[in-house]
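Before any comments, here is the structure.
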Amino acid sequence: SQTIHQWPATLVQPVGSPLSLECTVEGTSNPNLYWYRQAAGRGLQLLFYSVGIGQISSEVPQNLSASRPQDRQFILSSKKLLLSDSGFYLCAWSQVSNQPQHFGDGTRLSIL
Amino acid sequence: GESVGLHLPTLSVQEGDNSIINCAYSNSASDYFIWYKQESGKGPQFIIDIRSNMDKRQGQRVTVLLNKTVKHLSLQIAATQPGDSAVYFCAVRMVGSYIPTFGRGTSLIVHP
């Protein structure tokens with residue numbers, strides 16, 4: 001069966017520090033991969049998605065970036081975090097676009 | 001594009017009652033509809049989905065109804081239990097899109 005791993009579960013970082021969040025999927029190949037941010041109020045904001053290695057689409061302009069160095073690995077990065085980057089970050093995968101997305105358990109990021 | 005709205009941000013029910021959570025979407029070109037459950041501190045979990053060639057689909061204690069005429073989607077939970085307390089999201093995908101649009105979520109509170 002397929003599983004998705006996201007780490008760390010919680011992270012506290014100072015303003016201006018770098019960020020690297022990692023997500024890996026097991027049990028499938030060539031998945032679509034997604035990064036979302038969920039602020040208080042429950043809405044899910046799509047940040048990036050990828051349909052293949054090295055293919056990244058950005059949905060919103062921001063100081064975050066994403067990379068997909070391997071088929072089942074998706075990384076969310078920042079060179080300098082802002083206070084507004086605080087939130088709950090979720091990684092998800094789907095096999096094809098007309099099948100459900102499956103989410104990891106998220107990373108709670110707090111910026112001080 | 002697509003926009004998705006939920007009729008109620010919060011729904012309170014008694015244990016054993018049936019729950020109905022509603023969702024409206026805007027684009028008649030949408031063809032795939034998904035319901036997710038999100039418990040506190042966790043990622044959204046897939047519950048059930050339905051495609052536009054169907055009006056109704058049933059799972060274990062859950063039923064999804066799709067009314068394409070009025071662009072309305074509902075999730076019915078039978079014999080609601082305290083473990084059903086969570087935030088429920090609908091997501092809607094347009095034909096040809098990699099990305100579903102998520103609603104803002106309804107918080108279901110089940111009173112024992």
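For this structure, a couple of remarks:
- Dimensionless Rg/Rh of chain B - Kirkwood Rh, Rg from C-alpha atoms: 0.96
- For chain B, relative contact order (Cα pairs under 8 Å, six or more residues apart, normalised by length) works out to 38 percent.
- Label separation (B:E2 vs A:D71): 2.8 nm, computed from points 7 Å beyond Cα along the C-beta direction.
- Averaged over B:73-86, number of beta-carbon atoms from partner chains that fall within 10 Å: 0
- For peptides A:31-38, A:94-101, sequence by mean Cβ density within 10 Å, most packed first: A:31-38, A:94-101
- Accessible area of chain B divided out per residue, in Å², using a probe of 1.4 angstrom: 48 Å²
- Relative contact order of chain A, defined on C-alpha pairs under 8 angstrom at six or more residues apart (%): 36 percent
- Label-to-label distance for B:Q14 and A:Q55 is 5.4 nm, based on points extended 7 Å past Cα in the beta-carbon direction.
- Hypothetical label at B:K68: residues of the stretch B:88-103 whose amide nitrogen lies under 17 Å (7 Å Cα-Cβ projection): B:92-97
- Nearby lysines by direct alpha-carbon distance to A:K79 (threshold 21 angstrom, same-chain neighbours under 8 apart not counted): none
- In this structure the stretch A:3-111 gives 44 Å² per residue of accessible area when probed at 1.4 Å with all protein chains present.
The values are calculated or read from the model by the stated rules, or taken from the named source; none is laboratory data. Computed from a predicted model, the values in this text were never measured in an experiment. All Cβ positions, even for glycine, are placed from backbone atoms using ideal geometry, and neighbour counts span all protein chains on display. Quick note on the areas: whole protein, heavy atoms, side chains included, nothing else; ligands and nucleic acids left out. Shrake-Rupley method; radii C 1.70, N 1.55, O 1.52, S 1.80 Å.
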